[in-house]
C-alpha cells in the first residue's frame, strides 16, 4: 500500500511539472474542459475563436504533458529513483 501511495505522489509531481510547461492559455483551456466541464464550443466563445482552435490547443497541451511524463519517467527509471527503490520504506 505504501508503494501505491508513493507512486501516486510521484505521478502527481510529474503532472504538476508537466502542467507548468503549458502556456497560460493551454492551462486555462484544459482547466475549463476537464475541471469545470466546459465544452470546446463554450470555451471558443470565451476566447472569440473557432471550436477547432480550442480543440487543437487542448490536445496540444495534453500532448506536452504526456511527452513530459513519458520522458521524465524514463529519466527517473534510468537514475534508479523509481517508486520500486522506496519499497523498503
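The values are calculated or read from the model by the stated rules, or taken from the named source; none is laboratory data. Everything numeric here is computed off the predicted structure, so don't read it as measured data. Cβ placement follows ideal geometry from the backbone for every residue including glycine, while neighbour counts extend to all protein chains displayed.
Can you list the helices (runs of 4 or more DSSP H) found entirely within the chain that contain at least 1 residues being under 18 Å from the mean Cα position of the chain (by Cα), exposed (fewer than 15 other Cβ atoms within 10 Å of the Cβ) and modelled with pLDDT under 65?
Working: elements: 2-20, 24-30, 40-47, 51-79.
Once the helices (runs of 4 or more DSSP H) in the chain are filtered for at least 1 residues that are under 18 Å from the mean Cα position of the chain (by Cα), exposed (fewer than 15 other Cβ atoms within 10 Å of the Cβ) and modelled with pLDDT under 65, what remains is 2-20, 51-79.
Yes/no per residue for (1) out of contact with any strand residue (DSSP E or B) (no Cβ under 9 Å at 6 or more places or on another chain); (2) free of Cβ contacts under 8 Å to residues at least 12 places away in the same chain; (3) closer than 26 Å to residue 70 by Cβ:
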position	(1), (2), (3)
16	yes, yes, yes
24	yes, yes, yes
36	yes, yes, no
39	yes, yes, no
50	yes, yes, no
56	yes, yes, yes
60	yes, no, yes
